[in-house]
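Written below as structure tokens is the structure these notes are about.
The values are calculated or read from the model by the stated rules, or taken from the named source; none is laboratory data. This structure is a prediction, so every number in the text was calculated from the model and none was measured. Quick reminder, even Gly has a Cβ in these numbers, built from the backbone with ideal geometry, and neighbours come from all protein chains shown.
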Amino acid sequence: MIGAGGPPGKTQSALPFPEAFVVNEAVVIADLPGYGFAVEPEAERLAWGPLVETYLRGRVTLRGVVALIDVRRGIERDEEELLDFLAAVGRRAAVVATKVDKVGRSAARTALAAIARRLGPDVPLVGFSARTGEGRTELWRVVDAWRLA
């Protein structure tokens, strides 16, 4: 699952995946609701939880989950809970720290190091910029490794 498409916080249904994107015959990206930034009321976000968790727990073709976080915010409670859940159900996870182009090089390195310390060695971390393309190759390496595993 890689967050993509539509305005932020507007993914409201995991099935039948109106926010799914076919990259090629081996990779489909699905943007699932309920974690991170959302403009919906908290009660609605909480209602998405069982749907998302059922999908993450039971989808046999799911190879890994990419959590997008803003490098300027770092990992927040929602992301920690998601990563803990994924570890508990035996799902691979990676974190993509977006918007590295919005902070200086030194600030980006410092923020990425702080995020990496919270993740530990088993969760890949990729600094990413949609504007410059930084991190694109590294992210595809992670996705390809999952696909081939």
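So which residues in region 123-149 are touching a residue at least 24 places away in the same chain (Cβ under 8 Å) and either out of contact with any strand residue (DSSP E or B) (no Cβ under 6 Å at 6 or more places or on another chain) or surrounded by fewer than 16 Cβ atoms within 10 Å (Cβ to Cβ) (or both)? Listed by number, the residues that qualify are S129, A130, R131, T132, E134, V143, W146, R147, A149. Given the criteria modelled with pLDDT of 85 or more and under 17 Å from P124 (Cα atoms), does G3 qualify? Judged against the criteria, G3 is not a match.
Here I69, I75, I115 are screened, and the one residue that is touching an Asp or Glu at 6+ places or on another chain (Cβ under 6 Å) and of a type outside the set (S, T, Y) is I69.
The residues of region 90-115 that are among the small types (G, A, S), at negative phi and either surrounded by fewer than 17 Cβ atoms within 10 Å (Cβ to Cβ) or touching a His at 6+ places or on another chain (Cβ under 9 Å) (or both), listed by number, are G104, S106, A107, A113, A114. The C-beta contact set for region 75-93 (first residue within 20 Å of A113 (Cα to Cα) and without any contact (Cβ under 8 Å) to a residue 60 or more places away in the chain, second residue exposed (fewer than 12 other Cβ atoms within 10 Å of the Cβ) and of a type outside the set (D, E, K, R), distance under 7 angstrom, 6+ apart or interchain) is empty.
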